[in-house]
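The values are calculated or read from the model by the stated rules, or taken from the named source; none is laboratory data. A quick note: this is a predicted structure, and the numbers were derived from the prediction, not measured. Glycine gets a Cβ as well: all are built from the backbone with ideal geometry, and neighbour counts include every protein chain shown. These area figures cover heavy atoms from the full protein model, side chains too; ligands, DNA and RNA do not enter into them. Shrake-Rupley method; radii C 1.70, N 1.55, O 1.52, S 1.80 Å.
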Amino acid sequence: QALFALVERWVPPARVPQRLQGKGYSVDRLALAIQTGELVNHYQPKVLVSSGEMVGVETLVRWRHPLDGMVYPDQFIGMAEAHGLIDALTQAVVTQALKDSAAWALQGLKCKVAINVSMDNLGTLDFPEQVTSAAAAAGVAPQSIVLEVTESQLMKDLRAPLEILTRLRLRRFKLSIDDFGTGHSSLAQLRDVPFDELKIDQSFVHGAHHNETLRAIFYASLRLAKELGMEVVAEGVEDADDWRFLQQTGCDLAQGYFIARPMAAEAVLAWRDGWQRR
Ligand code: C2E
Ligand code: CA
Ligand code: CA
Ligand code: CA
């Protein structure tokens, strides 16, 4: 079925199929989807800017709705957070991501796997424990698991999550601050959180080469991250100009449609091989 193609095609900006607009899903329907495995992980490669080598993937959840086709996370993550389903959802995503990661390793692909974590997950005290046992069960080292938290969610209230983030860090998980530049964090807040990686939001990456304002924000973020000892990822690399621009910046990693679209687990190895031969 074309809707479930291995590699994602272009999606309209609204990311909502027309027949879905205004429809919405019930909480019960989403709970059922989580239970019955209708949620599937797609993966988008993260590559080194210097060499192009693929060193990681970001896990992006999708809902393969039997009638409506592929439903994107913007349509259901908020509902999961609001109705107490996010722990179950994250658990399902983590389990699948670690399983896929272990399978890739057996096929000779060693790369980090990043997982998006909601602020509400960080309010669950045994979250570090849960991820640790999931990692152990799958035989994946915490060092190769990256947990991404968006800057805007973090800055709402840092105290409780800070404790959980610190515990995750002590267990050697990698922490990444996502959508950087859109969340208004202060320098003091950033210094207090033990992040390994900073992802510059796509709105400051795509088109930065010909826009002075974007470029200024891009470079300010890059320098800040470097001074705090973090690795930097540029998101939203959509065309060859974005990619060429990055090569002159000292940014470590890149991710975006120009490099690869999110894809099913089964497509990742073939993509990597094709990309290496490019
Ligand atoms: P995000 O973490 O910032 O993920 C990047 C989003 O940008 C993804 O949208 C990805 O498909 C899209 N993208 C990648 N490359 C490009 C590009 O070159 N140009 C443009 N315009 N977009 C690009 P997606 O998959 O629809 O996910 C949307 C958001 O949903 C994610 O934003 C993340 O915050 C959230 N999300 C996704 N999966 C999960 C999950 O498992 N758990 C939680 N809590 N949130 C998730
Ligand atoms: Ca992310
Ligand atoms: Ca992002
Ligand atoms: Ca985002």
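Okay, here's what the table says:
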{"read-out": "Convex hull volume per residue for the chain, taking Cα atoms only, in Å³", "value": "136 Å³"}
{"read-out": "Cα-Cα over 24 Å, subset of LYS46/LYS156; LYS46/LYS110; LYS99/LYS156; LYS46/LYS174", "value": "LYS46/LYS156; LYS99/LYS156"}
{"read-out": "Binned Cα-Cα distances of region 109-169, short to long, each 5 Å bin given as a whole percent", "value": "4, 17, 29, 25, 15, 7, 3, 0"}
{"read-out": "Gyration tensor (alpha-carbon) shape descriptor, region 100-226, a/c threshold 1.5", "value": "oblate"}
{"read-out": "Debye, to nearest 20: dipole size of the chain, +1 on Lys, Arg Cβ, -1 on Asp, Glu Cβ", "value": "480 debye"}
{"read-out": "Antiparallel DSSP beta bridges within the chain, percent to nearest 5", "value": "45 percent"}
{"read-out": "Antiparallel %, DSSP beta bridges [both residues in region 26-129], to 5", "value": "75 percent"}
{"read-out": "Using alpha carbons only: equivalent-ellipsoid semi-axes of region 53-92, gyration tensor based, whole Å", "value": "21, 16, 9"}
{"read-out": "Dipole magnitude (debye, nearest 20) for region 237-278, charges at Cβ of Lys, Arg, Asp, Glu", "value": "180 debye"}
{"read-out": "Separation of the ASP239 and ALA82 label points, Cα + 7 Å toward Cβ, nm", "value": "3.7 nm"}
{"read-out": "Cα gyration tensor, region 165-278 - rounded (a/c under 1.5), prolate or oblate", "value": "oblate"}
{"read-out": "Global geometry of region 75-127, whether rounded, prolate or oblate, following the gyration tensor of its Cα atoms and the 1.5 cut on a/c", "value": "prolate"}
{"read-out": "Linear extension gain, ARG64 paired with ARG277, 0.36 nm per residue minus alpha-carbon span", "value": "73.5 nm"}
{"read-out": "Of THR150, PRO161, SER186, farthest towards positive along the dipole that unit charges on Lys, Arg, Asp, Glu beta carbons give region 144-194", "value": "PRO161"}
{"read-out": "Fully extended contour minus Cα-Cα distance, from ARG167 to ARG223, at 0.36 nm per residue", "value": "17.5 nm"}
{"read-out": "Reach of LYS226 by Cα under 15 Å, taken over aspartates and glutamates that are not fewer than 8 positions away in the same chain", "value": "ASP196, GLU197, ASP252"}
{"read-out": "Sulfur and carbon atoms: percent of accessible area, the chain [1.4 Å]", "value": "53 percent"}
{"read-out": "Cβ-Cβ FRET estimate between ALA31 and LYS99, R0 fixed at 22 Å, reported to 0.05", "value": "0.50"}
{"read-out": "The chain: calculated mean residue ellipticity at 222 nm from DSSP helix runs of at least 4, using -39500 (n - 2.57)", "value": "-11000 deg cm²/dmol"}
{"read-out": "Cα gyration tensor of region 151-222 - equivalent ellipsoid semi-axes, whole Å, descending", "value": "26, 12, 9"}
{"read-out": "Kyte-Doolittle at least 0.0, axis length at least 18 Å by Cα - qualifying DSSP helices, the chain", "value": "86-106, 212-227"}
{"read-out": "LYS156/LEU6 FRET efficiency (R0 35 Å; Cβ-Cβ; nearest 0.05)", "value": "0.40"}
{"read-out": "Packing-based order for 258-264, 223-229, using average beta carbon neighbours within 10 Å, highest first", "value": "258-264, 223-229"}
{"read-out": "Solvent accessible area, Å² - TRP243, 1.4 Å probe, full protein context", "value": "30 Å²"}
{"read-out": "Accessible solvent surface per residue of the chain, calculated while the other protein chains remain in place, 1.4 angstrom probe, Å²", "value": "47 Å²"}
{"read-out": "Assigned charges on the beta-carbon of Lys, Arg, Asp, Glu; region 159-278 dipole about Cα centre (debye)", "value": "460 debye"}
